[in-house]
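Working notes, structure below.
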Amino acid sequence: MSTPPPTGPLVTRDTLRTQLSELGVRPGETLLAHSSLSSLGWVNGGAVAVVQGLLDALGPEGTLVVPTQTGNLSDPALWGNPPLPPEWWAAIRATMPAYDPRITPARGVGVVPETVRTWPGALRSAHPQTSFAAVGPRAAEVVEGHAPDCRLGERSPLAKLEAMGARVLLLGAGYASCTSFHLAEYRIPSPRVTVGRPGPGGWETVTEVSISSDRFDELGYDFERDRPVVRGKVGAAEARLFPVADAVAYAEQWLPVHRPREEEFLHPPV
């Protein structure tokens with residue numbers, strides 16, 4: 001049985017640079033990119049070409065930022081895909097390798113962020129579950145000071161990106177992937193939760209804001225309806241471009257009305 005021909009269009013590094021520039025990506029800006037490689041079409045060079053195209057569009061003075069999250073560094077009692085036998089939990093907690101920004105791979109965010117993480121000159125923030133990686137002149141400014149008890153709040157790269165006027169690029173990714181909305185959860189009444197993870201000295205727990213992307217697709221639909229969002233095509237992918245600050249401000253108003261969450265302490269499974 002022969003292999004079917006690839007689904008187009010054919011996308012190259014130059015295609016990406018040109019179409020990103022046409023979308024409105026500006027040389028010298030700081031860009032937080034959420035991406036889906038498979039949505040673009042047949043990319044000659046795969047994730048490497050995508051990163052090259054993004055950096056070409058940003059130019060030497062621009063900075064590319066991506067989420068390099070590691071949600072697998074978490075309590076096995078919460079895992080559901082698949083769930084693990086309870087009798088394994090203690091051993092997993094005791095032996096799970098701690099986060100190391102140099103070698104811990106990103107998970108669940110796609111191949112483009114993992115490619116950025118290993119890019120020459122890339123820097124990565126210190127949070128063991130919700131890190132960001134950045135390449136460019138402002139990379140250190142973005143990633144430094146990511147507090148271990150602040151996944152996506154005021155002491156995370158998101159607040160830095162908001163303050164420096166960065167924009168979000170959704171490149172074939174939906175609003176459910178928009179991490180900027182999470183910053184709003186730290187500014188409205190939100191539950192607290194105990195978060196478990198491996199640490200340098202063994203298993204550790206911290207108290208954190210409970211974050212959730214539930215209904216972010218609806219939030220994004222209303223945001224796009226009410227606020228200026230640049231839309232276009234890059235390859236076969238739907239692309240959207242908007243300021244981090246606009247997304248956060250809109251979510252601060254939308255979430256308490258459409259997805260209120262009680263400000264209480266949530267107890268995870270033991």
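The values are calculated or read from the model by the stated rules, or taken from the named source; none is laboratory data. This one's a predicted model, so the numbers in the text were calculated from it and none came from an experiment. Because the Cβ atoms are built from the backbone with ideal geometry, glycine has one as well, and the counts that use them run over all protein chains shown. We work out accessible area using only protein heavy atoms, side chains counted, and drop any ligands, DNA or RNA first. Shrake-Rupley method; radii C 1.70, N 1.55, O 1.52, S 1.80 Å.
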Highest-first arrangement of 92-98, 69-75, where packing means the average Cβ count within 10 Å: 69-75, 92-98
Length-normalised contact order for the chain - Cα pairs under 8 Å, 6+ apart - percent: 22 percent
Cα long-axis angle, helix 86-95 against the chain (0 to 90 degrees, to the nearest 10): 70 degrees
Calculated from backbone phi, Karplus (6.51, -1.76, 1.60) coupling profile of segment 2-16 in Hz, x at Gly/Pro: 6, 6, x, x, x, 7, x, x, 6, 10, 10, 3, 5, 4, 5
Computed FRET value (nearest 0.05) for Val257 with Leu78, which takes r as the C-beta separation and R₀ as 35 Å: 0.75
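Calculate, for Arg26 and Arg107, the FRET efficiency according to 1/(1 + (r/R0)^6) with r their C-beta to C-beta distance and R0 41 Å; round to the nearest 0.05.
After rounding, the FRET efficiency stands at 0.85.
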(1) 133; (2) 169; (3) 146, with the label sought being that of the calculated volume of the Cα convex hull per residue in Å³: (3)
Extension gain from Glu154 to Val48, taking 0.36 nm per residue of separation minus the Cα-Cα distance: 35.0 nm
Those GluC sites (Glu not before Pro) in segment 173-270 that DSSP places in a loop and that have at most 10 other beta carbons within 10 Å: Glu262
Long-range HN-HN contacts of Arg197 with modeled amide H, under 5 Å: Glu204
For segment 117-124, 3J(HN,Hα) per residue [Karplus equation, 6.51 cos²θ - 1.76 cosθ + 1.60, θ = phi - 60°, Hz, x = Gly/Pro]: 3, 9, 5, x, x, 5, 10, 9
C-alpha long axis of helix 46-58 to longest principal axis of the chain, angle in °: 70 degrees
On Cα atoms only, tilt of 244-258 relative to the major axis of the chain in degrees: 50 degrees
Potential extension, Thr7-Ile92 segment - 0.36 nm per residue separation minus Cα distance: 26.5 nm
Sites Thr194 and Asp226, calculated FRET efficiency, Cβ-Cβ separation with R0 35 Å, nearest 0.05: 0.45
In sequence order, calculated HN-Hα J values of segment 191-206 (Karplus, 6.51, -1.76, 1.60; Hz; x Gly/Pro): x, 10, 8, 7, 10, x, 6, x, x, x, x, x, 5, 9, 10, 9
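Where does each of Lys160, Lys233 land when they are ordered by accessible area, with a 1.4 Å probe and the largest first?
Result, largest first: Lys233, Lys160.
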Span from the segment 214-256 Cα centroid across to the segment 112-151 one, whole angstrom: 23 Å
Debye-sum result for segment 49-141 in log10 I(q)/I(0), which assumes one identical scatterer on each alpha carbon, at q = 0.11 Å⁻¹: -0.39
Ser212, Ser177, Ser2, Ser125, ranked by accessible area, largest first (probe 1.4 Å): Ser2, Ser177, Ser212, Ser125
5 angstrom amide H check on Ser35, placed H, neighbours 5+ away: Leu171
